[in-house]
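The values are calculated or read from the model by the stated rules, or taken from the named source; none is laboratory data. Since the structure is predicted, the reported quantities are computational estimates derived from the model, not experimental observations. Methodologically, a virtual Cβ is constructed for each residue, glycine included, from the backbone with ideal geometry; neighbour enumeration extends over all protein chains shown.
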Amino acid sequence: MRRWTFVATLVALAPLAASAEPPPAAQAGAASSGRAPAPASALASEGFTLLGEEKGVRVHHRDKRSGVEFAAEASLPAPPDQVRRALLDYASHQKWQSHLKENKVLARNADSLLVYQRLDLPVIDDRDYTLQVTWGAEGPILWMRFVTANERGPKPVEDVVRVSKHEGGWRLEPDGGKGTRAVYRFHLDVGGSVPSWLGKGQAKDDIIDFFVRLKKELPNHR
């Protein structure tokens with residue numbers, strides 16, 4: 001298995017730790033204690049470097065913390081609420097991912113979920129983690145955040161490597177009335193025997209591919 005494949009899998013799975021639909025309060029844009037991630041204009045000042053742009057997706061990388069850290073920005077052909085519905089629609093995303101072995105919603109509130117996931121990956125040991133997923137709104141800007149909360153989930157399983165750091169989020173701004181300017185960030189430390197250094201070029205391609213697949217999925221969430 002090539003070194004970047006595990007990162008690519010988690011890139012795609014990161015926004016999926018949720019049920020098919022958020023509760024009614026979240027659909028109405030209920031406020032949460034969290035805040036939206038910073039806009040794309042802040043990436044350079046935060047130390048991110050542009051890796052490249054393709055198919056309308058700009059991918060950035062930062063060497064600041066252990067593990068890997070990426071950010072991506074793109075315009076999506078749907079309003080923010082529709083984009084967020086797609087990101088929270090786990091049942092639909094399951095068609096895209098063949099490595100999700102377990103997905104358990106452990107707790108649910110009006111604007112948050114606690115989710116346990118286990119990934120069945122070729123060649124390397126299974127990985128698992130528990131995520132706290134939250135979402136809310138700042139005026140017209142919708143957002144999602146996720147962070148590892150392993151202490152609130154199941155105990156470690158033998159022969160399964162626990163992911164120690166998996167956090168990030170989405171900023172979804174209205175763009176032209178019918179579109180969304182999306183900014184996606186994540187920081188990942190996979191643990192185990194997988195090297196901490198991973199191929200930036202291939203990771204960039206996989207992030208771009210995820211945005212392409214997301215665009216194709218959006219019409220199913222009007």
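Scanning the range 109-148 for residues that are at pLDDT below 85 and either touching a Pro at 6+ places or on another chain (Cβ under 8 Å) or not in a strand (DSSP E or B) (or both) yields Asp120, Leu121, Pro122, Val123, Ile124, Asp125. In the range 149-175, of all residues being more than 15 Å from the chain's Cα centre (by Cα) and assigned to a strand (DSSP E or B), the one that is nearest to Ala107 (Cα to Cα) corresponds to Arg162. Among the residues making up the range 50-81, a single one is at pLDDT below 95 and among the polar types (S, T, N, Q): Ser66. Contact map, the range 147-162: residues that are closer than 8 Å to Thr130 by Cβ paired with residues that are part of a loop (DSSP other than H, G, I, E, B), Cβ distance under 9 Å, separation 6+ or inter-chain. Pairs shown: Thr148/Val163; Thr148/Ser164; Asn150/Pro156; Asn150/Val163; Asn150/Ser164.
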